[in-house]
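Novice: Dropping a structure here in structure tokens format, bear with me for questions.
The values are calculated or read from the model by the stated rules, or taken from the named source; none is laboratory data. No experiment lies behind these values; they were computed from the predicted model shown. Quick reminder, even Gly has a Cβ in these numbers, built from the backbone with ideal geometry, and neighbours come from all protein chains shown. In case anyone asks, the SASA skips ligands and DNA or RNA and just uses the protein heavy atoms, side chains included. Shrake-Rupley method; radii C 1.70, N 1.55, O 1.52, S 1.80 Å.
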Amino acid sequence: MKILFLGDVVGRAGRRALSERLPRLREDWKLDFVVVNGENATGGMGLSAAHARDFLAAGVDVITLGDHAFDQKDMLGFSEQEPRIIRPLNYAKGAPGAGARLYADPRGRKVLVAQVLGQVFMKRAFDDPFGTIDAALKSYPLGGQANAVIVDVHCEATSEKMAMGQFLDGRASLVVGTHTHVPTGDAVILARGTAYQTDAGMCGDYNSVIGMEKAEPLRRFVTGMAKTRFSPAMGAVTLSGVYVETDDATGRATRVQAVRDGGALAASIP
């Protein structure tokens, strides 16, 4: 199976680039399954139902969210109506929607997509991500009920993401970090066959401060004072993520490569 995971889509520029380029990438790279993190797509904070529909129409199979999952209030209802939306498993008790679901690719192969939030340096205390994802994966063993398993680890600390990769090695096809918007250079297949990258990066303008126009973040760092809200940068967009190929029988990764398409970053394509 050929899988593409794209990191956090940031603002209007990120949305436009995804909608314009993903159909071409699906065809050129012969992709079977595409997962995109969309939690910063609407004004940099959350994802609206309308923008989620645009992603799905462009060829996204599943959209993951994050700690800003419900910043756009219509997502509270939409996440319950649209099964292709995944919010974090450990977001909150009683949160709408689901944190893990089983899907099928065009050939009928089963793909489990799950997401957890980290605890280290996050603004609020979330439930234990390790115990939560462990319970979810026991119901869908890799190579059994699931031909592939994709886990989005949405958190700040690189150590927590790497620990999750090792914890799930051999039980997931791909463990990939999101949230920090900076692509890491450590795409690797771990010892038991799980593809891993600490952070997928963002689908946004890298001539920015993690996707936001530079002036306001710089003002806050230099003066300690806020003047206005952050606004997503609107320049050339790099689609950043990770490409994985898996073995159908075992679900283990046979190839992994960081993806960077367009914009300011050096290209990296399968």
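Novice: Among the residues of segment 130-163, which ones are surrounded by 24 or more Cβ atoms within 10 Å (Cβ to Cβ) and assigned to a helix (DSSP H, G or I)?
Specialist: I133, K161 - these are the residues of segment 130-163 that are surrounded by 24 or more Cβ atoms within 10 Å (Cβ to Cβ) and assigned to a helix (DSSP H, G or I).
Novice: I've got another one for you. Determine whether segment 45-57 contains at least one residue that is closer than 22 Å to A157 by Cβ, touching an Asp or Glu at 6+ places or on another chain (Cβ under 9 Å), of a type outside the set (D, E, K, R) and touching a residue at least 24 places away in the same chain (Cβ under 8 Å).
Specialist: Filtering segment 45-57 down to residues closer than 22 Å to A157 by Cβ leaves 45.
Of the ones still in play, those that are also touching an Asp or Glu at 6+ places or on another chain (Cβ under 9 Å) are 45.
Filter again for of a type outside the set (D, E, K, R), leaving 45.
So of that shortlist, the ones also touching a residue at least 24 places away in the same chain (Cβ under 8 Å) come out as 45.
So far as segment 45-57 goes, yes, one or more of its residues are closer than 22 Å to A157 by Cβ, touching an Asp or Glu at 6+ places or on another chain (Cβ under 9 Å), of a type outside the set (D, E, K, R) and touching a residue at least 24 places away in the same chain (Cβ under 8 Å).
Novice: Still on this structure, please answer the following. Return the only residue of D247, D205, D261 being open to solvent by 10 Å² or more (accessible area, probe 1.4 Å), over 25 Å from F130 (Cα atoms) and in contact with a Pro (Cβ under 8 Å, 6 or more places away or on another chain).
Specialist: Working: D247 fails: in contact with a Pro (Cβ under 8 Å, 6 or more places away or on another chain); D261 fails: in contact with a Pro (Cβ under 8 Å, 6 or more places away or on another chain).
None of the other options fit; the residue is D205.
Novice: Checking V237 against (1) of a type outside the set (K, R); (2) open to solvent by less than 40 Å² (accessible area, probe 1.4 Å); (3) touching a Ser or Thr at 6+ places or on another chain (Cβ under 7 Å); (4) modelled with pLDDT of 95 or more: exactly one of these is not met. Which one?
Specialist: (3)
Novice: Moving on to the next point. Could you give me the residue pairs with C-beta distances under 8 Å whose first residue belongs to segment 204-219 and is modelled with pLDDT under 95 and small (G, A, S), whose second residue is open to solvent by less than 10 Å² (accessible area, probe 1.4 Å) and part of a helix (DSSP H, G or I) wherever it lies, and which are 6+ apart or on separate chains?
Specialist: Final answer for the pair search is G211/G11; G211/G14.
Novice: Specify the residue that is most open to solvent (accessible area, probe 1.4 Å); the eligible residues are those in segment 8-36 that are basic (K, R) and in contact (Cβ under 8 Å) with a residue 60 or more places away in the chain.
Specialist: Of all residues in segment 8-36, those basic (K, R) come to 12, 15-16, 21, 24, 26, 30.
Filter once more, keeping what is in contact (Cβ under 8 Å) with a residue 60 or more places away in the chain: 12, 16, 21.
On the way: R12: 141, R16: 108, R21: 50 Å².
Once the filter is applied, the top-ranked residue is R12.
Novice: Now for a different question. Of a type in the set (V, I, T) and at pLDDT below 95: does that describe T228? If you could, list the steps in order and put the result at the bottom.
Specialist: Working: of a type in the set (V, I, T): yes; at pLDDT below 95: yes.
Answer is yes for this residue.
Novice: So which strands (runs of 3 or more DSSP E) stay within segment 1-88 end to end and still have 1 or more residues that are among the aromatic types (F, W, Y) and modelled with pLDDT of 95 or more?
Specialist: Details: elements: 2-6, 33-37, 62-64.
Qualifying strands (runs of 3 or more DSSP E): 2-6, 33-37.
Novice: Looking at A104, A95, can you tell me which residue is surrounded by 14 or more Cβ atoms within 10 Å (Cβ to Cβ) and farther than 17 Å from G177 by Cβ? Break it down stepwise before answering.
Specialist: Working: A104 fails: surrounded by 14 or more Cβ atoms within 10 Å (Cβ to Cβ).
Answer to the selection: A95.
Novice: Please count how many residues of segment 165-202 are polar (S, T, N, Q), more than 15 Å from the chain's Cα centre (by Cα) and open to solvent by 30 Å² or more (accessible area, probe 1.4 Å). Full working, then the answer.
Specialist: Just the residues of segment 165-202 that are polar (S, T, N, Q), to begin with: 166, 173, 178, 180, 184, 194, 197-198.
The next check asks that each one be more than 15 Å from the chain's Cα centre (by Cα); those that pass are 166, 194.
Among the residues that remain, those that are also open to solvent by 30 Å² or more (accessible area, probe 1.4 Å) are: 166.
Qualifying residue count for the region: 1.
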